[in-house]
1. Measure off, as a whole percent, the carbon and sulfur share of the 1.4 Å-probe accessible area of the stretch 4-127, all protein chains present.
2. How far apart, in nm, are two points set 7 Å out from the Cα along the Cα-to-Cβ line at ASP2 and at GLN145?
3. Just the number please: accessible area per residue for the stretch 6-80, 1.4 Å probe, all protein chains included, in Å².
4. With labels modelled as points extended 7 Å from the Cα through the Cβ direction, what inter-label distance (nm, one decimal) is found for THR56 paired with LYS16?
5. In debye, nearest 20: dipole of the chain around its Cα centre with unit charges on the Cβ of K, R (+) and D, E (-)?
6. Roughly what angle does helix 23-38 make with the longest principal axis of the chain, taking Cα atoms, 0 to 90 degrees, to the nearest 10?
7. Pairs of Cα atoms under 8 Å, at least six residues apart: use those to get the relative contact order of the stretch 23-93, whole percent.
8. Label LEU119 and ARG97 with points 7 Å out from Cα along Cα→Cβ: what is the distance between them in nm?
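The values are calculated or read from the model by the stated rules, or taken from the named source; none is laboratory data. Every value quoted in this text rests on a predicted model; they were computed, and no experiment measured them. Positions of Cβ are backbone-derived with ideal geometry, glycine not excepted, and every protein chain shown enters the neighbour counts. SASA here: full protein model, heavy atoms, side chains in, ligands and nucleic acids out. Shrake-Rupley method; radii C 1.70, N 1.55, O 1.52, S 1.80 Å.
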Amino acid sequence: MDGYQSLTALLESAWKELDRSDADRRDLCLDVVGDVLETGRLTQEDAERAVERLVTVALSADGYAVQESALHAVCTAATHHRLPYRVLEPLATGADRFGPLLLAYVLAILGSTRDRAALPVVQRFLHHPHPEVRGEAADAVNEIQWRRQ
């Protein structure tokens with residue numbers, strides 16, 4: 001098995017375990033997914049597919065730890081892969097369901113796309129009551145606008 005096959009096998013194993021585990025175990029599975037994404041060695045297609053699944057987990061998970069791990073893994077992926085807005089758009093649509101700490105992740109993720117389509121969502125949070133959210137929103141707006149110049 002070559003290195004790439006090992007990575008994808010590790011990813012598949014983590015997804016399978018994620019589907020049948022309790023919250024603590026799910027959190028660890030998502031850490032494994034994040035570790036694989038952090039290598040930057042997945043193809044763009046495989047990275048996007050993994051991120052789509054992470055977004056689904058973040059939006060549907062019951063516990064904070066699982067949501068945070070999923071969003072952290074997406075942030076990691078955004079550092080090593082150019083993620084298109086279409087892959088992350090469900091986070092934009094569901095942004096209001098996250099509390100301030102998780103919302104900061106969502107805004108950073110949306111800003112990383114540098115896609116103008118994310119701008120209206122991000123701008124809504126510039127006047128959020130929590131300073132961390134406002135700061136992430138401002139950073140995301142700057143990222144997006146930097147891309148436009």
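1. Answer for the stretch 4-127: carbon and sulfur cover 49 percent of the accessible area.
2. The answer from the label model is 4.5 nm.
3. I get 49 Å² per residue for this part.
4. For the pair THR56/LYS16, the computed spacing is 1.8 nm.
5. For this selection, approximately 620 debye.
6. 80
7. 43
8. Rounded to a tenth, the inter-label distance reads 2.8 nm.
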